[in-house]
Amino acid sequence: MAIKNISILGSTGSIGQQALEVADANPEQIKVRVLAANTSDEILEQQIRKFTPDFAVLADKDAAERLTKRYHGSVEILSGEEGLLAAASYEKIDTVLAAMLGYAGLRPTMKAIECGKNIALANKETLVAAGSLVMKAVIKNNIALTPVDSEHSAIFQALQCGNPNEVNRLLITASGGPFRGYSLNDLKSVTIRQCLKHPNWSMGKKITIDSSTMANKGLEVIEAHWLFDMPYEKIKVVVHPQSIVHSLVEFSDGSIIAQIGEPDMRLPIQYALSWPFRYKNTFTQLDLVKTGTLTFEEPDMEVFPSLKIAIDCGEAGGILPCVFNAANEEAVYAFLENKIKYLDIPYIIGRVTDMHENVTMPSIEDIEMADKKARQIARKLIASL
Ligand code: MN3
């Protein structure tokens, strides 16, 4: 097993920090060569001291300046877009963990692919916004793209039990979030606090809101479509409140293969880095008997319309998944800043995606334009509410 030399884009976020725990637990297998973050200079400084990467990056120039003034160690600090691109293309790395937040992850991830780096992908927005371009680049550069998202990691593992032409369906599980069983009326008055209390997973703020609206599951359906080259009619969402079965693949003989385990993101992060091998670890093992009952139910697309809009946008293809993502990001941040109410999130997504003319076979420029325009429209709508 050769050692993996990795660059972590988004090292101070929830996935980035858990990835460093994985690296710390596997020092013989993983060498962290580059740490890159957006604005969190204090967390990054601690990480630099602990992992002494070859260099570190803060995308935000003010944050980089703060850190440079304070830190007098030997690790070089780069900044801005150039810094991120350097982190993605550094000659001494073989793998990039793409764990930046949102759409901002697209450019550095594309750069890494073009430089022949393997990608452990946590940033689902990259595939949602530009799936066809990303997958073309993956094939052209002959790199490995391994999923970090727990559902996709599960499917990736289950798919190894058969051939691609033997797959009937992918079954993506969803916890249902904190508002499972709520009516639309119940959702009118929910607060940021209630949203951030996810029953099973510990994740960043943006994805926790997304998981409460089920927009996250919509993004994941689109992500699965691209990652596994699977038509939308063969991807089904199943609500599974215990978050133990991380997703399943149904094969042509009726066999369903599931990957199950503790809801601990370190597991899929580690597998994305260790594949095609498995590393040992000391993380908590699932106790099946203690776990007890596992249940499954249909998702409620009327109470959680973001899921349906996402799937519709995915099926329409072109720029619409990118528009969906942009509208969702803007709406979620506006909600987190107390500018809009909870049910305004799906309202804004619905309005913005309705207003867009689609562009089929979009170029990267079309996608960047669509992203910008969708955000403008979303912000106008937010301001008018
Ligand atoms: Mn997930």
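The values are calculated or read from the model by the stated rules, or taken from the named source; none is laboratory data. All of these numbers come straight from a predicted model, not from anything done at the bench. Here Cβ is always computed from backbone atoms with ideal geometry, including for glycine, and neighbour counts include all displayed protein chains. Side chains included, ligands, DNA and RNA excluded: accessible areas come from the protein's heavy atoms. Shrake-Rupley method; radii C 1.70, N 1.55, O 1.52, S 1.80 Å.
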- Message: Once each part is reduced to its C-alpha centroid, what is the distance from the stretch 224-249 to the stretch 272-325 in angstrom?
- Response: 6
- Item | Radius of gyration, Dmax [the stretch 61-109; alpha carbons; angstrom] | 12.3, 33
- Task: Write down the Å³ per residue value for the convex hull defined by the alpha carbon atoms of the stretch 1-136.
- Result: 96
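Test of understanding: what is the full-extension gain from Asp354 to Lys69, defined as 0.36 nm times their sequence separation minus their Cα-Cα distance?
Going from the current span to full extension adds 97.8 nm.
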- Query: Once you have the alpha carbon radius of gyration of the stretch 274-377, what is it after dividing by 2.2 N^0.38 Å, with N set to its residue count?
  - Reply: 1.49
- Query: Label points 7 Å out from Cα along the Cβ direction at Glu91 and Ser252: separation in nm?
  - Reply: 4.8
- Message: With a 1.4 Å probe and all protein chains left in place, how much accessible area per residue does the chain have, in Å²?
- Response: 45
- Message: Beyond a 28 Å Cα-Cα separation, which of these cross-linked pairs lie in this structure: Lys124/Lys234; Lys205/Lys339; Lys111/Lys206; Lys217/Lys280?
- Response: Lys217/Lys280
- Antiparallel DSSP bridges in the chain: what percent, to the nearest 5? 25
- Mind jotting down a quarter of the surface of the convex hull over the alpha carbons of the stretch 27-80, in square nanometres, one decimal? 3.4
- Task: Multiply the residue gap between Thr191 and Glu365 by 0.36 nm, knock off their C-alpha separation, and tell me the result in nm, one decimal place.
- Result: 58.9 nm
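Based on the Cβ-Cβ distance of Lys380 and Glu76, what FRET efficiency does E = 1/(1 + (r/R0)^6) give at R0 = 30 Å, to the nearest 0.05?
0.10
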- Take the alpha-carbon centre of the stretch 359-381, take the same for the stretch 72-138, and report the distance between them in whole Å. 21
- Message: How far apart, in nanometres, would the label points at Glu302 and Glu233 be if each is projected 7 angstrom from Cα along the Cα-to-Cβ direction?
- Response: 2.6
- Please sort 58-70, 236-248, 183-195, 102-114 by packing, taking for each peptide the average over its residues of neighbouring beta carbons within 10 angstrom, highest first. 102-114, 236-248, 58-70, 183-195
- How big is the chain by Rg and Dmax over its Cα atoms, in Å? 20.2, 63
- Task: Please give, to one decimal in nm, the separation of the simple spin-label points placed at Met1 and Arg169, each 7 Å out from Cα toward the Cβ.
- Result: 3.6
- Dipole size in debye (nearest 20) for the stretch 40-103 around its Cα centre, Lys and Arg Cβ +1, Asp and Glu Cβ -1? 260
- Cut-off 18 Å, label 7 Å out along Cα→Cβ of Lys280, residues of the stretch 1-38 by amide N: 1-3, 22-30
- Would you compute, for the Cα atoms of the stretch 1-42, the largest minus smallest coordinate along each principal axis and list the three values in descending order, in whole Å? 35, 15, 14
- Query: Given Ile345, Cys322, Thr295, which one lies farthest toward the positive end of the charge dipole of the stretch 282-385, if we put +1 on the Cβ of every Lys and Arg and -1 on the Cβ of every Asp and Glu?
  - Reply: Ile345
- Message: Can you give me the Kirkwood hydrodynamic radius for the stretch 101-236, using every pair of distinct Cα atoms, in Å to one decimal?
- Response: 16.2
- In debye, nearest 20, what is the charge dipole magnitude of the stretch 209-271 about its Cα centre with +1 on Lys and Arg Cβ and -1 on Asp and Glu Cβ, if you could check? 100
